[in-house]
Each structure stands twice: as C-alpha cells, then as structure tokens.
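Computed from the coordinates by the stated procedures, all read-outs in this text should not be read as laboratory data. This is a predicted model, so every value here is computed, not measured. Every residue, glycine among them, receives a Cβ derived from its backbone with ideal geometry; neighbour counts consider all protein chains shown.
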Amino acid sequence: MLHFDCGSCNGCDIETLACLTPVYDIERFGVINVGNPMHADILLVTGTVNPRNKKVLVNLYDQMPNPKVVVAIGSCGLSGGIFKDAYNVLGGIDKVIPVDVYVPGCPAKPEAIIDGVVMALKKYEVIKKKHSDSVPSRMKWRKIAP
Amino acid sequence: MRETLLAIFIGLFATPLLGGLINGLDRIITARLQGRIGPPVWQPFYDVIKLLSKEKMVVNVWQAFCAYAYLSAAAISVVLFFLKSDLLLILFIQAVGAVFVVIGALSSTSPFSQVGAHRELLQILSYEPLLILVVAGIYLEIGSFKIDDIYAWGQPLIFKLPFLFIALGYALTIKLRKSPFDLSTSHHGHQEIVKGVLTDYSGPFLALIEIGHWYDIILILGLCSLFWATGWIGMIILVAITYFIEILIDNVTARMTWRWMIGYVWAMGLTLSIVNLIWINLA
Ligand code: SF4
C-alpha cells in the first residue's frame, strides 16, 4: 500500500496513518505502508489534484506494476470537496487516474479507510484474474522519470 | 547417494519454506511487542506469490540477471551447508550473492538505489570479516573447515567460543536487516531512502530477492546452530533464543548511521573475536 498526499488538508492523512497504529493495526490484513510505488499494489490518495501534483500522481501510478488498485480518500479525493471551487483545483483523483474504491468522509474515519482497503484487496483479486489472462510474456521497461 | 539427494532436496525446497515461516513468526512477534495483532503466519508466502504474479518491470536487464544470480548463490550456499561442505566455500558463495544484489541496484540511476547499494556494500564490509573470523575460530578449535567434522566434535562449541558467538550475532543482525543496522533497505524507516537497495527491484524480481533472503536467514541461523552441534534439541533452543533476542534488539533500538555501524561492529566484533582466538590459542 502506498499513501500519497495529493494536496490534502492533512486531516485525511492523519486518519490514514492512524490505521497503522496499534488501535487499528491494518497489518492484520497483511497490508503494510511502503514508501516505494514499485513495491505497492494499492495506491491510497488523499486530497485534491492540481496541475502541479497531477504529474507526480500520474508518475507514481505509472511506476506501480500491474495489477494495481487505487483508493481515493476523503471528500477532497472524491470530488474536490471543500476546495472544489478553488482556482487551482482540478477536482477529484478520478480526473487524472482511474479510481477503484471511493472512501467518503471529511476526514474519512480510519474504520472506513480500512474497509476501503479491504474492498480494494477484493477488487485486486478480480483485476489479477483479468490481468493473468492477458499477461504479456515480455518484460516491460520502466520509463525513467525525467 | 540417497542421503546426498535428500540433503539437496531439503536445502532447495524445505529451507525457503522454513525461512518464510520464520519471517512470518518474526512479523507476528514484532507486532505483539508493539501492542498490535500482526499479520497471519503465512503472510510472507502470500506476499511472494502475489509478487510472482505481478508484471515484470525492470529498469535494465542486468537487474533481472542480478536477482537470479543472488537467488542461485543463496540457494547453492544453503545446499552446500546441508551437504556438510566446507564453511569457507559456503561463506564465499554467499558473499558473491550479496554482491550481486548491490550490482543490480547500482545498475539503476535512481539515487535511492545508489545510496542503498553503497550502504549495503558498507554492511557487507562490516559483517564479512566477522564471519571469516568465526570460521577461523572454529578451525582453530577443531582443526577443520568441514561441517562434517563439527558435527562429529564431542562438545558444544559455544563453551569454547562464546565471544565469537556474540560476534556472529552482530553479523546476524546486519544480515537479517534488523535495526540498528537496517541501513541499506531502511526496513522500518521507509520514507528515508525509500527502500534502499531494493528500490528498483519490483514484482517477480523482488520475490526472487525475498526468497534469496529466506535462504540467507537459514544459512546464518545454521551457522549459529553449529555452536551447539551435539544434539537437535540444544541446537533448536539455541537458535530460537538467538532469534528472539534479535527481534527484541530490533524493536528496542533505533537506526544508526553507517559510520557508527562500521566503527562499532569492527571495534566490538573484532575485539571479541580476537580475545576469543587468543583464548583458544592459550588453552
Ligand atoms: S476530505 Fe476533509 S479532512 Fe480530508 S483532506 Fe479534504 S478537507 Fe481535509
């Protein structure tokens, strides 16, 4: 699981990190927070997208090997939320990359986030099946970010 | 002949299973020590199976080659261990594997891989002398590098080589990538240099490295077990206690810098080993 703070107010980030603490302990489901998109299967995104961090978000998404799932967290991640009308905000995460699971709330509760992640894991299985049917036998060369 | 085949079979197939299981138990115990519940025991296997089913993505083809080379070197050294071969040979093959991981990481241009690779080299530099000294100590005591002869030796080596066993503990901590020596992959501090040497390995290649790491765990724990080679029960208890202490150390210490690591490991490890070697020579 990779967590990317895409311009959130930090409310959702704190709730996301709370999932790792002893109280919620998301490692029960075998999920750990990694800092490396190349090791991640689930991309958690909090906050709104703007023209600047859009490139970073797309780059992170591209660096994750298939199959992968994306979870958008908080009202901001879903639609732009309270910042929707700001001049620099493009809207929700799904304006830039395909989103598989939406977790609402402002901020989203840790229970809801864990629910979303577990749902994402289920969806991951489905995507994996589809992926293994169409898996290319050749190696893919990763584009190195400029 | 049948025994040889059995040893090869155990070395190749049973050790990764055991290594993964140890890894799973390690994660559970660590979680319990931190007041969490932790993942299922089989989680490392789920992870590796998942990684194997992912898309192959490489920065350049050398990475794939290095991952395979590491896995084969690790597997060969473990098989040789089960064949009761020469300890020095085993150590050098294991070192070749460790260097291949570094080469693979250096073949990418990512700064995180590069920093991680350099740190990994420094780690190898810190623990290899200790491993060689441990083997030298065993040689001085029983007059042979062969594991066969160690098993034939009448009494547990740990009474004669207690300081060398502690020195081996340092090497074990570094090799297991445990705190305070988890510099190269920043195992707990993943925001620091992302994942260090492992940053650019992904999908199936990461799985290969992980399986190689399981082989490595078993090899080093096997080295520990040689210190109580007279009976199975003593062997297992010694290894279990050592590993539990490793987990404790991992949980109570913070990550240090590489300068501290080299200074400390060399000062402590080499002193302990040399004191022990002098002791054997005098006795
Ligand atoms: S949804 Fe609310 S808490 Fe979350 S980032 Fe947006 S404003 Fe902050």
Nearest 0.05, what FRET efficiency do B:R2 and A:A112 give at R0 = 56 Å with Cβ-Cβ as r?
-> 0.45
For a quick protection proxy, order the peptides A:65-78, A:21-34 by their average other-Cβ count within 10 Å, most packed first.
-> A:65-78, A:21-34
At q = 0.11, 0.15, 0.16 Å⁻¹, work out log10 I(q)/I(0) for chain B with the Debye formula, treating every Cα as an identical point scatterer and leaving solvent out; two decimals please.
-> -0.63, -1.21, -1.38
Chain B: relative contact order in percent, alpha carbon pairs under 8 Å with at least 6 residues between = 26 percent
The protein assembly as shown, Cα convex hull volume normalised per residue, Å³ | 140 Å³
For the protein assembly as shown, share of DSSP beta bridges that run antiparallel, in % to the nearest 5 = 10 percent
For the pair A:N66 and A:A86, what calculated FRET efficiency results from E = 1/(1 + (r/R0)^6), where r is the Cβ-Cβ distance and R0 = 25 Å, to the nearest 0.05?
-> 0.15
Using only Cα atoms, tell me the angle between helix B:203-225 and the longest principal axis of chain B; keep it within 0 to 90° and round to the nearest 10.
-> 10 degrees
Enter the mean number of other protein chain beta carbons within 10 Å of the beta carbon of each residue in A:39-47, as an integer.
-> 2
Ellipticity estimate at 222 nm from DSSP helix runs (n ≥ 4, -39,500 (n - 2.57)) divided over chain B, nearest 500 | -23000 deg cm²/dmol
What's the angle, to the nearest 10 degrees (0 to 90), between helix B:87-106's Cα axis and the longest principal axis of chain B?
-> 20 degrees
If one compares the long axis through the Cα atoms of helix B:61-82 with the longest principal axis of the Cα atoms of chain B, the angle in degrees, nearest 10, works out at 20 degrees
Relative counts (whole %) of C-alpha pair distances in the stretch B:189-249, using bins that are 10 Å wide | 20, 32, 29, 16, 2
